[in-house]
Amino acid sequence: MVDYLPDDAQSTQAMDIMEEEFTGAVPNTRVMVTDVSLPEALEYKEKLSAIDGVSEVIWLDDVMDVKTPLEIADEETVETYYKEGNALFSISVRTGDEVEITDAIYELIGEAGAIAGEAINTASSQKMAGTESLYAGLLLVPIIIFILVISTTSWIEPLFFLTAIGVSVLINLGTNIFIGEVSFVTQSVAPILQLAVSLDYAVFLLHSFSDYRKTTHNPEEAMQLAMKKSFPAITASAATTFFGFIALTFMKFEIGSDLGLNLVKGIVLSFISVMVFLPALTLYFYKWMDKTQHKSFVPSFKGIGNKVIKFKIPSLLLVFATLVPAFLAQSNTAFTYGLGEQPEHTRAGSDYKKVDEAFGETTPIVLLVPRGDVPKEEGLVSELEELDYVTSVIAYVNKVGSVIPPEYLDKSITNEFYSENYSRIVINTNQGTEGDIPFSIVERVEQIAENYYGDQAFSLGESVTLYDIKNTVTKDNLVVNVLTVVTIAIVLLISFKSISIPVVLLITIQSAVWINLSIPYFTNTSLVFVGYLIISTVQLAATVDYAILLTEDYNHRRKEMTARKAIIKTLDEKTFSISISAAILSSVGFILWITTSNPIVASIGLLLGRGALLAFVMVVLLLPAMLLVFDKLIKNTTHNANFNEEK
């Protein structure tokens, strides 16, 4: 995750200095070996150090003389590393090779041993990214085919939809080779999200084609008319999604840019595929559609419009009553900023629990300060040792001794503490990597270091990285949300040539977003912030299509009939189409949630699944009520509205 922080982030600068000045990296992983004596633990330490990619193996012998009887040593220090026959090593794993290195560690420590921390979380996520995407796809495609078979009158038609979008998904995945690399979050989410979001374009076109086949016997003419009629709806739908995803690319935390670029690319490719490849495919195989006709499996939705209109005032009152608490609640949800804990059914999840039960939490913070002023360094170390939650501080001045000049010692000893320009201090804490207490420790450590060295002191470590991610994405949140709303509003303004309609549509979908994101607050569960940030954009961009489809049809009918009749007719005819889109997007979300072990992908999936359903409810209940209540305002603020004047 640190790769996605901006270059000016404090922990990014610290990492660069660390890599330039020191050979060893920050301890980012804990390895527990069970049922071992002190000599056996020291042997394991040597074997761990010998694994290619493992450096900085820190254990009890680095903080005290293990030849001293443990009974007279400081109990808290001993139990940080050795407890009830279990030895806990803090190690550094080379970035980029987590999978191979953790596999080698598992081979050494066996089934009884355990690994916890950043490296194993990353390795698990990387291993699962490809296989879980495939698993999600294998589950999803039959469900989408089932939904599409129900929504069409041809057995073969769903395959046309999936082929057109599937081709664009494959091309999108292939073009990632020009980018060089993509995040495993993008790899897990983007293909499935692209499929779900852009399937509507194919549905719009082929439904329109089927309608025109009834008015002309020439399939090519029917396709020309269908393309002409569906082009504005597909373009508006693609444009809102396109600009929504463009907003993600403005995140300073570049995982948003990574995902945003992929989704933008995917939307463009899907649009081209639907407008170029799908018409050709359909005209070539339309006879198959005719031969595989079946009767409609769906009951008529006639009458739903009347039922919805009866509840227009209660619907408005209920939604507007929930909006303020929902907005406040989603602003006060508890967030996590990293990969979070792995699920317990995975090896990484069960290992974390084993280590936590045996030793509790341990999170190291590394300080890099200018070398040379020994008294200042002693004062800093002394003050750090007094901090709450700090179990030990490893520095030259307290482990070797400030009176011994480094020049008299072997490089293998001094290189751990000193580079040419910097002194390195490792602070071990007994807290986790994120949350109020870990972040307050980071703030306190940085404040103390600043008091001594000003802006020349740097800190790094998992909790420091997550603290920087928190500060970065909190700023991103405002930028991304404002950009999304403004760009989508502009697209809607141009599409409908109206000032009021974009406001009505955005209130409808944004209310669904706020209610969706407020649920974790009311259920007292924490939310992965990257998931929250992405979904607040993706849900708005992806589900505003439902509102566009209903409003376009309503506007068309409103020119010929009263507002009440127009909305009833629109709901009777369009509720089913919208429900199909919502069912597909919701299925995608819930399947991502069920199949993934990655907490970020799981949170995106759950929020997407729930958000699509909420958006559907809002478009069917709230939007018709608002279109009726604000009919006069819409008429007066829409260019060439030409609404029917009949009382």
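Brief remarks follow.
- Residue in region 468-478 that is part of a helix (DSSP H, G or I), over 30 Å from Leu367 (Cα atoms) and of a type in the set (A, V, I, L, M) present: yes
- Qualifying residue in region 13-28 (condition: among the β-branched types (Val, Ile, Thr), part of a strand (DSSP E or B) and within 41 Å of the chain's Cα centre (by Cα)): no
- If the condition is being more than 17 Å from the chain's Cα centre (by Cα) and surrounded by 16 or more Cβ atoms within 10 Å (Cβ to Cβ), then region 110-136 contributes Gly113, Ala114, Ile115, Ala116, Gly117, Glu118, Ala119, Ile120, Ala123, Lys127.
- Taking the conditions (1) modelled with pLDDT of 85 or more; (2) hydrophobic (A, V, I, L, M, F, W, C); (3) part of a loop (DSSP other than H, G, I, E, B) in turn, Ile404 satisfies each one other than (1).
- Total residues in region 23-75 satisfying the condition of being more than 16 Å from Tyr106 (Cα to Cα) and among the β-branched types (Val, Ile, Thr): the figure is 8.
- Qualifying residue in region 592-601 (condition: over 17 Å from Ala233 (Cβ atoms), small (Gly, Ala, Ser) and either assigned to a helix (DSSP H, G or I) or in contact with a strand residue (DSSP E or B) (Cβ under 7 Å, 6 or more places away or on another chain) (or both)): no
- Failed condition for Thr153, given (1) more than 22 Å from Asp52 (Cβ to Cβ); (2) out of contact with any Gly (no Cβ under 6 Å at 6 or more places or on another chain); (3) at pLDDT 85 or above: (3)
- Looking across region 363-384, the residues that are in a helix (DSSP H, G or I), over 17 Å from Pro405 (Cβ atoms) and either in contact with a Lys or Arg (Cβ under 9 Å, 6 or more places away or on another chain) or in contact (Cβ under 8 Å) with a residue 40 or more places away in the chain (or both) come down to Gly379, Leu380, Val381, Glu383, Leu384.
- No other residue among Asp3, Asp61, Asp7 is among the charged types (D, E, K, R), part of a loop (DSSP other than H, G, I, E, B) and modelled with pLDDT under 90 apart from Asp7.
- Residue match in region 514-523 (condition: of a type in the set (Val, Ile, Thr), surrounded by fewer than 24 Cβ atoms within 10 Å (Cβ to Cβ) and not in a helix (DSSP H, G or I)): yes
- Residues that are under 15 Å from Tyr452 (Cβ atoms), within 43 Å of the chain's Cα centre (by Cα) and in contact (Cβ under 8 Å) with a residue 40 or more places away in the chain do occur in region 386-403.
- Gly454 surrounded by fewer than 17 Cβ atoms within 10 Å (Cβ to Cβ) and at positive phi: yes
- From Tyr521, Tyr532, residue being more than 15 Å from the chain's Cα centre (by Cα) and among the aromatic types (Phe, Trp, Tyr): Tyr521
- Filter result for Glu377 (among the acidic types (Asp, Glu), surrounded by 16 or more Cβ atoms within 10 Å (Cβ to Cβ) and within 34 Å of the chain's Cα centre (by Cα)): no
- Restricting attention to region 584-617, the residues that are crowded, with 24+ Cβ neighbours inside 10 Å and either under 18 Å from Glu552 (Cα atoms) or among the acidic types (Asp, Glu) (or both) add up to 1.
- With respect to the conditions (1) at negative phi; (2) surrounded by 13 or more Cβ atoms within 10 Å (Cβ to Cβ); (3) modelled with pLDDT under 85; (4) not assigned by TED's automatic domain parsing to the domain that holds Leu162, Lys307 falls short on a single one, namely (2).
- Note on region 604-619: residues that are modelled with pLDDT under 85 and of a type in the set (Gly, Ala, Ser) total 0.
- Flag if Asp553 is over 23 Å from Val473 (Cα atoms) and buried (at least 23 other Cβ atoms within 10 Å of the Cβ): no
- Condition met for Val629 (among the aliphatic types (A, V, I, L, M), surrounded by fewer than 19 Cβ atoms within 10 Å (Cβ to Cβ), on the phi < 0 side of the Ramachandran plot and not assigned by TED's automatic domain parsing to the domain that holds Phe204): yes
- Any hit, region 271-291, residues being under 20 Å from Leu628 (Cα atoms), in contact with a Leu (Cβ under 9 Å, 6 or more places away or on another chain) and not hydrophobic (A, V, I, L, M, F, W, C): no
- Residue count for region 84-95, restricted to those that are under 31 Å from the mean Cα position of the chain (by Cα), part of a loop (DSSP other than H, G, I, E, B) and either among the hydroxyl-bearing types (Ser, Thr, Tyr) or more than 15 Å from Gly117 (Cα to Cα) (or both): 1.
The values are calculated or read from the model by the stated rules, or taken from the named source; none is laboratory data. These numbers come from a predicted model, not from an experiment. With ideal geometry, Cβ positions are generated from the backbone for all residues, glycine too; neighbour counts draw on all protein chains shown.
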